[in-house]
Amino acid sequence: MRFSIDHKSPIPLHAQVEELVREMIKSPVYQDKAFLPNEMGLAKQLGISRNTVRQALNKLVYEGLLVRKKGVGTRVADQNVSTRAQNWLSFSQEMKASGIEIINFDLKVSWVEADEKTSLFFEIPIGKKIFKLERLRGGNKHPFVYFVSYFHPRIGITGKEDFTRPLYEILEKEHSVVVKLSKEEISSRLAGEEIGKILDIDPSRPILKRKRFVFDPGGRPVEYNLGYYRADSFTYTIESEREL
């Protein structure tokens, strides 16, 4: 299968590569868990930089379409049941729509070094300083969700913002950053010692874990968010509409 891209097109090169790889992984060869050509090989074939290829592949990895194993290669991910919901909301908007008044029990801001996961998502070097926001939130009885958010350095967050306000409102009004796409992964696990202590539940109790990957209209990463929900206080509902 031979691929090419249009270097004169107004469509960004990484977006063209992304679409080419989407077509590539539909092939029965790659659906049978064969490894894709490596980044360098694709870059040479397309006449572009390796970083451009990596940017496209990273997007597909975080959509759950590809799996990358360090030192081994990249292949098509096993297919899981998933759903795409339109008009996704921030947590504050979700709770407001449900008539629930949210209380911030604790809020911490800090600057940390990007680890392997955040550096891969944000496409920045490991060790680069990024802004971290931790929020313990819930109803009037007790907290039921603990959020940990990391933000891309280009956004320009200072840490002096009023984070009691809706997060995406802050990004848009104070930093001219509009969020467009959210890709989420939801799983269940036991609370464990650390999260159990934060949410004030027994470590052996189940919780709901949600990863949220947030992008701007240009497909650039904005936020990497982890949410830990008390299973006895929260039900996650997805409403989607079938296209006819």
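When shorter helices are ignored and each DSSP H run of at least 4 residues is given -39500 (n - 2.57), the per-residue value for the chain at 222 nm works out to -7500 deg cm²/dmol. Residues considered: THR158, THR52, THR118. Largest GNM mean-square fluctuation over the chain, using C-alpha springs under 10 Å, is found at THR158. Rounded to the nearest 10 degrees, what's the angle between the helix 13-24 long axis and the longest principal axis of the chain, both from Cα atoms, 0 to 90? Roughly 80 degrees, rounded to the nearest 10. Return the subset of LYS69/LYS117; LYS129/LYS160; LYS33/LYS70; LYS70/LYS211 for which the Cα-Cα distance in this structure is over 19 Å, preserving the input order. Long pairs (Cα-Cα over 19 Å): LYS70/LYS211. Mind running the shape call on the stretch 13-76? Use the C-alpha gyration tensor, a ≥ b ≥ c as the square roots of the eigenvalues: rounded below 1.5 for a/c, prolate if a/b tops b/c, oblate otherwise. Rounded shape, in that the Cα axes give a/c under 1.5.
Name the long-range amide H neighbours of LEU66: under 5 Å, sequence gap of 5 or more, or other chain; modelled H, no Pro or chain starts. Sorted by chain and number, the residues that satisfy this are VAL61, ALA77. Distances between placed amide hydrogens fall under 5 Å for PHE105 paired with LEU136, ARG137, GLY138, all partners being 5 or more residues away or on another chain.
For the chain, the longest principal axis of the Cα atoms and the long axis of helix 50-62 meet at an angle of about 50 degrees. Derived scalar couplings between HN and Hα for the stretch 104-121 equal 8, 7, 7, 8, 10, 10, 6, 10, 10, 8, 4, 8, 4, 5, 6, 5, 5, 5 Hz in order, rounded to whole Hz, by the Karplus curve 6.51 cos²θ - 1.76 cosθ + 1.60 (θ = phi - 60°), x for Gly and Pro.
Database remark: amide H of LYS128 closer than 5 angstrom to the amide H of ALA114 (H placed geometrically; neighbours at sequence offset of 5 or more, or on other chains; Pro and chain starts carry no H).
Read the figures in this text as sums done on the coordinates, not as results from a lab. Nothing here was measured: the structure is a model prediction, and the numbers come from that model.
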